[in-house]
Each structure stands twice: as C-alpha cells, then as structure tokens.
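Enquirer: Structure provided below as structure tokens; questions to follow.
The values are calculated or read from the model by the stated rules, or taken from the named source; none is laboratory data. Bear in mind that the values here come from a model prediction, so they are computed numbers and not experimental data. Glycine gets a Cβ as well: all are built from the backbone with ideal geometry, and neighbour counts include every protein chain shown. Ligands, DNA and RNA are stripped out before the accessible areas are found, and what is left, the full protein with its side chains, is counted by its heavy atoms. Shrake-Rupley method; radii C 1.70, N 1.55, O 1.52, S 1.80 Å.
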Amino acid sequence: MAITADHIRTVISAYLDDHPEEKPDLTPALALLATGADLTSRKEFRGHATAGAVLVGGGGRVLQVHHLATGKWLLPGGHLEAGDTTLLAAALRELTEETGVPADAVTPVGDGPLHIDIHPIDANPAKGEPGHQHIDFRFLFTTTADIGALQAEEVADAAWRPVDELHDEQVRQRIAQALRRP
C-alpha cells in the first residue's frame, strides 16, 4: 500500500513527541495535511514529502552524493514513488538507487526520522515546476558496505565525509546522539 497522509501525520507526530521544540518549523507541513493536501505527490507545489538517508559507515563517516541537478553535495534522497509503503522504505530505496549500496547491507537506526527539514526548491522551467517546498524526512542508517554503482542520471559522484563536514549542526548532533544509544 502506498504512503498515506495518515502515515505522514503519524511520523510527524512521533517525531514531535521527541522534538517538541520543532513544532513551529513543521507547522507548514501540518497545515497542508489539515487541508487534505497530498504530500506524496510531487505535483503538490505548496510542499511535498521527500525521503532522505543519512548513511554512516566505517570510521563514523557520512555518505554524500554530488547531485547533478543542483551541483551540490547532499545526503542521498528524493521524491516518493507509488510503490513506497513507508517513509523509511522510501529513504532506503533512494539510498540504494543513488549509491548502489545494497539494501541488505544497511541497518536502520530506529524507526523514525533523525530529522525533518522543510526547505525551498528553486523553480525548474525545464520540468514545468514552480518554486516549491520539500518536506524532507531524513532517516539514519549504518553500514559496513562501500559505495556501489551510482545512479548516473542523478548522481555525479559519492564520497564518505567526516560528520563534522555536514552543514547542519542539528543533524551532526543527532547523529552523534543516535550512535551513542545502546
């Protein structure tokens, strides 16, 4: 069964139980859900859900991909697809597609997202897309595997980087906290 609004609402609610201070940041997503917006559709330009992966490998390094469309080093991730059943599964699918790391070599750290980030996306006239918001559900995974065949249509390169090179201080702290838990 495809990801539903109820699933997204449940994930956000559980996340806010752990991080109540972030409710103001997630109010736009909650407001869209309240209006019946289909956050699973990339045609919902007021904002739609995406799923990302924070993959930690040997030596505590984090895998980043050089995204062709943006020209930036980012965490693996992307849009939801009709066959995705959960946000966690969508994040794992995106991770394996973009990096070639086999799904059976990856272990999720917890059931919920490490971080939920809402950020603007520039208009893309070539795709007929106006500027819009991504509601990015980022899940933490660990692995001992290495990078495989990259998704050449979307990814130019991939590299393991020290956690302290991630731009988002909150994500760096959450990775450290999550990996310290028994």
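Enquirer: Among the numbered criteria (1) in contact with a His (Cβ under 7 Å, 6 or more places away or on another chain); (2) hydroxyl-bearing (Ser, Thr, Tyr); (3) touching a residue at least 60 places away in the same chain (Cβ under 8 Å), which one does Tyr15 miss?
Expert: (1)
Enquirer: So, one more: Which residue out of Leu88, Leu95, Leu80 is crowded, with 18+ Cβ neighbours inside 10 Å, out of contact with any helix residue (DSSP H, G or I) (no Cβ under 6 Å at 6 or more places or on another chain) and within 15 Å of Val11 (Cβ to Cβ)?
Expert: Unique residue meeting the criteria: Leu88.
Enquirer: Okay, moving on. Name the residue that is most open to solvent (accessible area, probe 1.4 Å), counting only residues in the stretch 161-174 that are over 17 Å from the mean Cα position of the chain (by Cα) and not acidic (Asp, Glu).
Expert: Checking each candidate, the answer is Arg161.
Enquirer: Could you say which residue among Ala91, Ala105, Ala126 is over 16 Å from the mean Cα position of the chain (by Cα) and in contact (Cβ under 8 Å) with a residue 12 or more places away in the chain?
Expert: Ala105
Enquirer: Check Ala149, Ala156 and return the single one that is over 19 Å from Val106 (Cβ atoms) and either open to solvent by 30 Å² or more (accessible area, probe 1.4 Å) or modelled with pLDDT of 95 or more (or both).
Expert: Criteria check complete, one pass: Ala156.
Enquirer: In the set Gly71, Gly58, which member is surrounded by fewer than 22 Cβ atoms within 10 Å (Cβ to Cβ) and at positive phi?
Expert: It is Gly71.
Enquirer: Let me ask something additional. May I ask you to list pairs of residues, at least six apart or on different chains, whose Cβ atoms are under 8 Å apart, with the first in the stretch 156-182 being free of Cβ contacts under 8 Å to residues at least 12 places away in the same chain and under 21 Å from Ile118 (Cβ atoms) and the second being open to solvent by 40 Å² or more (accessible area, probe 1.4 Å) and in a helix (DSSP H, G or I)?
Expert: Arg172/Asp164
Enquirer: Just the residues that are surrounded by fewer than 17 Cβ atoms within 10 Å (Cβ to Cβ) and either among the acidic types (Asp, Glu) or assigned to a loop (DSSP other than H, G, I, E, B) (or both), please, taken from the stretch 114-135.
Expert: Within the stretch 114-135, Asp122, Ala123, Gly128, Glu129, Pro130, Gly131 qualify.
Enquirer: Something else now. Quick one: count up the residues across the stretch 100-113 that are farther than 22 Å from Leu68 by Cα, hydrophobic (A, V, I, L, M, F, W, C) and either touching a strand residue (DSSP E or B) at 6+ places or on another chain (Cβ under 9 Å) or surrounded by 18 or more Cβ atoms within 10 Å (Cβ to Cβ) (or both).
Expert: The total comes to 3.
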